[in-house]
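Enquirer: Please read through the structure below; I'll follow up with questions.
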Amino acid sequence: MSEIVEEIRQAYATVGILLDGPAAYGTYYRLLCAGCGRMVGNVGDRLLPRMAAGIVTQQFDLYAAGLMGCACGHQRERARSLDPERWQAAQQRYPS
Ligand SMILES: [Zn+2]
């Protein structure tokens, strides 16, 4: 696994998303929910160092509010345990 792919894997792991094996042509990887295994998206490996962590950090509020991630709620719960204060703020920002 290349260094950038390992970095992408670690970034998504923090919010409860697993990087699957490479999909078409080896430049895209499927993202799977770590809670139930459902596919939640794709990510390309043409990222620069530290971009993957930045993307996940920017999307934190959306995971916290349940607007991104799996319908089973795994990423939402992961976000809550990672940063309860920011999680709470996201609930108010994006009321369900
Ligand atoms: Zn799930």
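Each value in this text was obtained by applying a stated rule to the coordinates, not by laboratory testing. Predicted model only: the values in this text are computed from it and were never measured. Here Cβ is always computed from backbone atoms with ideal geometry, including for glycine, and neighbour counts include all displayed protein chains.
Enquirer: Along the Cα→Cβ direction, 7 angstrom out, place labels at L82 and D20. What is the inter-label distance in nm?
Expert: Rounded to a tenth, the inter-label distance reads 2.1 nm.
Enquirer: Give me the extension gain from R50 to L67: residue separation times 0.36 nm, minus the current Cα-Cα distance, reported in nm with one decimal.
Expert: 3.8 nm
Enquirer: Where the only charges are on Cβ atoms (+1 Lys, Arg; -1 Asp, Glu), what is the dipole of the chain about its Cα centre, to the nearest 20 debye?
Expert: Roughly 240 debye, rounded to the nearest 20.
Enquirer: For Q59 paired with N42, estimate the spin-label separation in nm (one decimal), with each label point 7 Å from Cα along the Cα-to-Cβ line.
Expert: It works out to 1.4 nm between the two label points.
Enquirer: Oh, and also: Kindly provide the trypsin sites (Lys or Arg not before Pro) of the stretch 1-62 that DSSP labels as loop, not H, G, I, E or B, and whose Cβ sees at most 14 other Cβ atoms within 10 Å.
Expert: Here the sparse-neighbourhood loop sites are R38, R46, R50.
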